[in-house]
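K.L.:
So that we are looking at the same thing, I have put the structure below in structure tokens.
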Amino acid sequence: MTAGGPSAMDDSDDKGGLRAALSGLTTRGRSFLAAGIAAAVCAYVLGQADLLRVGLLLAVLPLVCVTVLFRTRYRVAGTRRLSPSRVPAGTEARVHLRMDNISRLPTGLLMLQDRVPYVLGPRPRFVLDRVEPGGRRDVSYRVRSDLRGRYPLGPLQLRLSDPFGMCELTRSFSDYDTLVVIPRTEPLPPVRLAGESSGYGEGRQRSLALAGEDDVIPRGYRHGDDLRRVHWRSTARYGELMVRREEQPQRARCTVMLDTRQIAYQGTGPDSAFEWAVSGAASALVHMLERGFAVRLLTDEGDALPDGHAGSGQDSAAAAGLMMDTLAVVDHSDGGGLSRAYDVLRGGNEGLLIAFLGDLDEEQAAVAARMRQRSGGAVAFVLDSAAWVHGESPATEAASEQRLRLLRESGWTAVAVKPGADLARLWQQASHLGSLTQSAAVGGTTGGTTGFSSGWS
């Protein structure tokens, strides 16, 4: 939850002056003023004193209302709270508004209005009756968006009105909040993908903490430690028995890559191929974080977020939140290739690589093939955006199969994504294909298939 800080509004603020107050005359107030002036002019022409009195009364009444409303002195404080402040697309969030009268005078009739983007729904309006000195009023409304993004809420506006409805003045607060609509995520089955090591790095990626006598990282002695690992120099320094920490296990790494090239996708909207890819990347990174991986988010432009570690629940939630905020606003890139992403990956073994790719031509398929050489395992979900827009056809299926064959020949576990496909099923399919590939590599497809069945069933 996030709470917008309270902000005070002084209704006696005369920045706009009396001229601004006169502009707040309602249709009723303007009609009364016009009728009064017309009656006064007719009375002067016709010499009717009684008609002049009526005209003056009609003209003065809205002016008196403007003056009284403008000179009324009271202060109002407003607070906005979002619950929650980050929601998946298609999910509702509730906005709580609180109004406090912090002056010594009761307020008149108030109309409360909050500014929201049209994507979140209609603009909410509330009518608040008289608020006693020191009193408060609580109201709430719901917002919902099928489109991910960051949407500002506010500033809050108050519309003040006199009892006769002659004048309305609008006052605005300065604070606003932001609602983050993140991509939809889908729970994925706990299968084992090709090239995947355990989330906490069981013997696959380890770094030695002992590079020399000066690089020893000692720790306190624990019951059961081998006495041959006692570091006597540190023991003498700290006054307690210290042992060498000879190796430090590292968490297995995973890179989730999202292809955002505009030329790789056709169609727009919540059901487009690009939005499916964004949602798939969000589901994959959340799933891998929950399994204890150090996850990095990468795009085709080479933009990468730092690794998110799952050392604790708070660390995992913070890492997921940061990457989800990025995916909430990610858009198509103007780039034409995947070379920048390859440059980021070429530093060494990047662990498991999970890629969500759009349309690939022969050149980009070759770049993707080279990415496989820089990872311990690689799984690609390839979308044929033309099929998402125009439907499947023999020509699109042949082109899709050709791209998949090129990736599989280079070592990728490549899965075709049909329009409206279920990611959980594709995740299991990727695990099955990866198991078959590994078993074929060692010359035993039967044993590999059996191992797969026991792993994900």
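The values are calculated or read from the model by the stated rules, or taken from the named source; none is laboratory data. Model, not experiment: these values are computed from the prediction. Positions of Cβ are backbone-derived with ideal geometry, glycine not excepted, and every protein chain shown enters the neighbour counts. Note: accessible area is taken over every heavy atom of the protein model, side chains too, but ligands, DNA and RNA are not part of it. Shrake-Rupley method; radii C 1.70, N 1.55, O 1.52, S 1.80 Å.
K.L.:
List the residues whose amide H sits under 5 Å from the amide H of G302, counting only those 5 or more places along or on another chain, with H placed 1.01 Å from N in the peptide plane.
P.N.:
A341
K.L.:
So, one more: Excluding A365 itself, calculate the net charge of residues whose Cβ lies under 15 Å from the Cβ of A365, where each Lys or Arg counts +1 and each Asp or Glu counts -1.
P.N.:
Working: positive: R261, R370, R372, R403, R405, R408; negative: D259, D300, D359, D361, E362, E363, D384, E401, E409.
Summing Lys and Arg as +1 and Asp and Glu as -1 gives -3.
K.L.:
Each residue of segment 355-368 in order: what ³J(HN,Hα) in whole Hz does its phi give by Karplus 6.51 cos²θ - 1.76 cosθ + 1.60, θ = phi - 60°, with x for Gly and Pro?
P.N.:
3J(HN,Hα) across segment 355-368, in whole Hz: 10, 10, 10, x, 5, 10, 8, 5, 5, 6, 5, 5, 5, 4.
K.L.:
Quote the accessible area belonging to V379 in square angstrom, nearest 10, computed with a 1.4 Å probe and with ligands, DNA and RNA left uncounted.
P.N.:
Estimated to the nearest 10 Å², V379 gives 0 Å².
K.L.:
Go through segment 34-39 residue by residue and turn each phi into a ³J(HN,Hα) via Karplus (6.51, -1.76, 1.60, θ = phi - 60°); whole Hz please, and just put x for glycine and proline.
P.N.:
3J(HN,Hα) across segment 34-39, in whole Hz: 5, 5, x, 5, 4, 5.
K.L.:
Hey, can you grab everything whose amide H is under 5 Å from the amide H of D384? Only 5+ residues off in sequence or another chain; H modelled, so Pro and N-termini drop out.
P.N.:
V417
K.L.:
Any idea what Rg and Dmax come out to for segment 253-441 if you just take the C-alpha atoms, in Å?
P.N.:
15.6, 49
K.L.:
Still on this model: List the residues whose amide H sits under 5 Å from the amide H of S140, counting only those 5 or more places along or on another chain, with H placed 1.01 Å from N in the peptide plane.
P.N.:
Sorted by chain and number, the residues that satisfy this are L97.
K.L.:
Given a 1.4 angstrom probe, I'd like the percentage of the accessible area of segment 76-182 that is carbon and sulfur, rounded to a whole number.
P.N.:
The computed percentage sits at 49.
K.L.:
Enter the accessible area per residue of segment 253-441 (Å², integer; probe 1.4 Å; all protein chains in place). Before the final figure, lay out the partial values.
P.N.:
Values: 7570 Å² over 189 residues.
Heavy-atom accessible area per residue stands at 40 Å².
K.L.:
If you don't mind, there's one more thing I want to ask. Over segment 253-441, what percent of the accessible surface lies on carbon and sulfur atoms, probe 1.4 Å?
P.N.:
After summing per-atom areas, the C and S share lands at 47 percent.
K.L.:
What does the charge count near S83 come to, summing +1 for each Lys or Arg and -1 for each Asp or Glu among other residues with Cβ under 14 Å from its Cβ?
P.N.:
Combined, the nearby Lys, Arg, Asp and Glu give +4.
K.L.:
Counting only heavy atoms of the protein chains, get the accessible area per residue of segment 76-182 (1.4 Å probe) and round it to a whole Å² value.
P.N.:
Accessible area per residue, segment 76-182: 48 Å².
K.L.:
Still on this model: With θ taken as phi - 60° and the coefficients 6.51, -1.76 and 1.60, list the Karplus ³J(HN,Hα) couplings across segment 226-236 in order, rounded to whole Hz; mark glycine and proline as x.
P.N.:
Each residue of segment 226-236 in turn: 5, 5, 6, 8, 5, 9, 5, 5, 5, 4, 5 Hz.
K.L.:
Mind ranking 124-132, 94-102, 183-191 by how tightly packed they are, going by the mean number of other C-beta atoms within 10 angstrom, highest first?
P.N.:
Peptide ranking by packing, descending: 94-102, 183-191, 124-132.
K.L.:
Would you mind telling me the share, in percent, of accessible area of segment 25-74 contributed by carbon and sulfur at probe 1.4 angstrom?
P.N.:
Within segment 25-74, the accessible surface is 71 percent carbon and sulfur.
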